[in-house]
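S.K.: If you scroll down you'll find the structure; I have some questions about it.
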Amino acid sequence: MKLILAGSTGHLATEIIRQALPNPAITSLICLARRNTTLPPNTSSGPNLSKFENKFKSVICSNFTSYSEDVKKELEGAGGCICRLIAVTPAKLNTMPFEETRKICQDYAAYGIETMAPLASTTKPFRFIYVSGVNAERDQAKKPWILGEYSLMRGKTESLILSHAASSNNTIQACVAKPGLIDVPGLDSFTAGIGKTILRTVVGLPKVDVRQISACLVDQAVKGFEKETLLNEDLVRIGEMLLADQENETS
Ligand SMILES: NC(=O)c1ccc[n+]([C@@H]2O[C@H](COP(=O)([O-])OP(=O)(O)OC[C@H]3O[C@@H](n4cnc5c(N)ncnc54)[C@H](OP(=O)(O)O)[C@@H]3O)[C@@H](O)[C@H]2O)c1
């Protein structure tokens, strides 16, 4: 199966690439981003990723609301899924006007599902995973007290993706993943670590380890969705189970 990872240069994407490449069900991994995606460095416990280099392709896209013909060609025949990770995370909200954030988080995702699904393999429904966040609010009448406008915009995007799939006559299946804070061991700076601790303790955000969420998303992309919305607790539960199975197999 050909898997497309859109937004392949980010923190979560790097771990998804590490876990997707050794997966025998994935025959081709298209890494779509505005800049070159490189093979992640090997970890001490993981396999040597250069063994799977032939499955890996970096595709640069300069416009995420109008793909060039060359980009479309690379996306053709995706048998299963796109895992969509392009976003402006709350930590970067202050770096641009909100309208730009909305365009990146919402317009790019809506254009992505509309454009990629017709290019996919026609033998099976096209699977689309949209990675959102625990605080995204679909009910536009309920503005959360923290990151209100951002949470409503991300919730509206979830609804857009799900309703696009619902009206596709089962040619598209969509899933929304709603992680809390994603823990990337060894990567967070001291300041980011303090910020995350405050968010966990004061705001009560749940957390998920980057390996757990990545294992879960790769598995759901390959085998199909357990449910339409995967909450943080689902991502932890499924990811933990898959990682424990992998450890048992190797020991
Ligand atoms: N990190 C968390 O704790 C957390 C928690 C909950 C939900 N999430 C969600 O999980 C997903 C992945 O998060 P992450 O932490 O891996 O994010 P990240 O490291 O910031 O990566 C975001 C990705 O989006 C791309 N992107 C951003 N602006 C873009 C633009 N204008 N045009 C094209 N691409 C653009 C980035 O490309 P460049 O590398 O070129 O900038 C990168 O590939 C996001 O949907 C995020 O909202 C994250």
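S.K.: Give a residue-ordered list of calculated ³J(HN,Hα) values for segment 53-59 (Karplus: 6.51 cos²θ - 1.76 cosθ + 1.60, θ = phi - 60°; whole Hz; x for Gly, Pro).
M.R.: Residue by residue, segment 53-59 yields 4, 5, 8, 9, 9, 8, 10 Hz.
S.K.: Further, regarding this structure: Could you name the lysines in cross-link range of Lys51, using Cα to Cα under 19 Å and dropping any fewer than eight places away on the same chain?
M.R.: In chain and number order, the partners are Lys2.
S.K.: For the chain, what mean projected area does the convex hull of the alpha carbons give, in nm²? Before the final figure, lay out each step's value.
M.R.: On the way: hull surface 55.0 nm².
Quarter of the Cα hull surface area: 13.8 nm².
S.K.: Same structure, new question: When Lys and Arg each count +1 and Asp and Glu each count -1, what net charge do the other residues less than 10 Å away from Ser132, Cβ to Cβ, add up to? Kindly include the intermediate steps, with their values, before the conclusion.
M.R.: Details: positive: Arg84, Arg138, Arg154, Lys178; negative: Glu158.
Summing Lys/Arg as +1 and Asp/Glu as -1 gives +3.
S.K.: Pull up the cross-link candidates among the aspartates and glutamates for Lys72, meaning alpha carbon to alpha carbon under 19 Å and not fewer than 8 places away within one chain.
M.R.: Filter leaves Asp107, Glu114.
S.K.: Just grab the label-to-label distance for His11 and Asn248, each label 7 Å out from Cα along the Cβ direction, in nm (one decimal).
M.R.: Between His11 and Asn248, the label points sit 3.1 nm apart.
S.K.: Residues with amide H under 5 Å of Gln173's amide H, sequence separation 5 or more or different chain, H placed in the peptide plane at 1.01 Å from N; which?
M.R.: The list, which skips near neighbours in sequence, is Phe126, Arg127, Phe128.
S.K.: Same structure again: By how many nm would the segment from Ser62 to Glu99 lengthen if fully extended, with 0.36 nm per residue of separation less the alpha-carbon distance?
M.R.: On the way: separation 37, 0.36 × 37 = 13.32 nm, distance 1.90 nm.
The span from Ser62 to Glu99 would gain 11.4 nm if fully extended.
S.K.: Still on this structure, I have one more. Using a simple spin-label model with points 7 Å from Cα along the Cα→Cβ vector, what separation in nm is obtained for Asn169 and Glu69?
M.R.: Each label point lies 7 Å from its Cα, and together they span 2.8 nm.
S.K.: I would also like to ask the following. Are any of the pairs Lys124/Lys223; Lys73/Lys223; Lys103/Lys223; Lys142/Lys178 more than 19 Å apart by Cα-Cα distance, and if so, which? Walk me through the numbers on the way to the answer.
M.R.: Working: Lys124/Lys223 12 Å; Lys73/Lys223 25 Å; Lys103/Lys223 31 Å; Lys142/Lys178 17 Å.
Over 19 Å apart, Cα to Cα: Lys73/Lys223; Lys103/Lys223.
S.K.: Please list, in order, the residues from segment 14-47 whose amide nitrogen is less than 20 Å from a point placed 7 Å along the Cα→Cβ vector of Asn54.
M.R.: Counting backbone N atoms under 20 Å from the label point, the list is 18-31, 39-40, 47.
S.K.: Still on this model: Show that you can apply the helix-only estimate: for the chain, add -39,500 (n - 2.57) for every DSSP H stretch of four or more residues, divide by all residues, and state [θ] at 222 nm to the nearest 500. Working shown, then result.
M.R.: Details: 8 runs with 95 residues, N = 251.
Dividing the helical sum by the residues of the chain leaves -11500 deg cm²/dmol.
S.K.: For segment 1-57, what does the alpha-carbon gyration tensor say about shape, rounded, prolate or oblate, given a ≥ b ≥ c as the root eigenvalues, a/c under 1.5 as rounded, and a/b over b/c as prolate? Present the calculation step by step, with values, prior to reporting the outcome.
M.R.: Values: a/c = 1.72, a/b = 1.16, b/c = 1.48.
Cα axes put segment 1-57 in the oblate bin.
S.K.: HN-Hα J couplings of segment 206-214 from phi, Karplus 6.51/-1.76/1.60, θ = phi - 60°, integer Hz, Gly and Pro as x?
M.R.: x, 10, 9, 6, 4, 6, 5, 5, 5
S.K.: Given Leu147, Ile129, Leu29, which one lies farthest toward the positive end of the charge dipole of the chain, if we put +1 on the Cβ of every Lys and Arg and -1 on the Cβ of every Asp and Glu?
M.R.: After comparing all options, I get Leu147.
S.K.: Name the aspartates and glutamates eligible as straight-distance cross-link partners of Lys143: C-alpha to C-alpha under 19 Å, and not fewer than 8 places from it in the same chain.
M.R.: Answer for Lys143, where 19 Å is the Cα cut-off: Glu99, Glu158, listed by chain and number.
S.K.: Same structure again: Please list, by residue number, every one of the trypsin sites (Lys or Arg not before Pro) in segment 96-155 that is coil in DSSP and has at most 12 other beta-carbon atoms within 10 Å. Show your work: numbers first, answer last.
M.R.: Working: sites: Arg102, Lys103, Arg127, Arg138, Lys142, Arg154; in loops: Arg138, Lys142.
Here the sparse-neighbourhood loop sites are Lys142.
S.K.: Test of understanding: what is the full-extension gain from Ser159 to Val184, defined as 0.36 nm times their sequence separation minus their Cα-Cα distance?
M.R.: Values: separation 25, 0.36 × 25 = 9.00 nm, distance 2.81 nm.
That pair, Ser159 and Val184, stretches by 6.2 nm at full extension.
S.K.: How large is ³J(HN,Hα), in whole Hz, for each residue of segment 215-225 in order, when computed from phi with the Karplus curve 6.51 cos²θ - 1.76 cosθ + 1.60 and θ = phi - 60°, using x for Gly and Pro?
M.R.: Calculated HN-Hα couplings, in order: 4, 5, 5, 5, 5, 5, 5, 7, 9, x, 8 Hz.
S.K.: Enumerate the amide H contacts of Lys207 below 5 Å, restricted to partners 5 or more residues apart or on another chain; note that Pro and chain-start residues carry no placed amide H.
M.R.: Leu181
S.K.: Taking GluC sites (Glu not before Pro) that fall in a DSSP loop and have at most 14 other Cβ atoms within 10 Å as cut points, what is the longest piece of the chain between them?
M.R.: Working: sites that count: Glu76, Glu226, Glu228.
My reading of the result: 77-225 is the longest stretch.
S.K.: Summing Lys, Arg as +1 and Asp, Glu as -1, what charge do residues with Cβ under 12 Å from the Cβ of Ser66 carry, Ser66 excluded?
M.R.: Numbers: positive: Lys72; negative: Glu69, Asp107, Glu114.
Once positives and negatives cancel, what remains is -2.
No lab work stands behind these numbers, since they all come straight from the coordinates. Just so it is clear, the model here is predicted, and its values are computed rather than measured. Backbone-built Cβ (ideal geometry, glycine too); neighbour counts: all protein chains shown.
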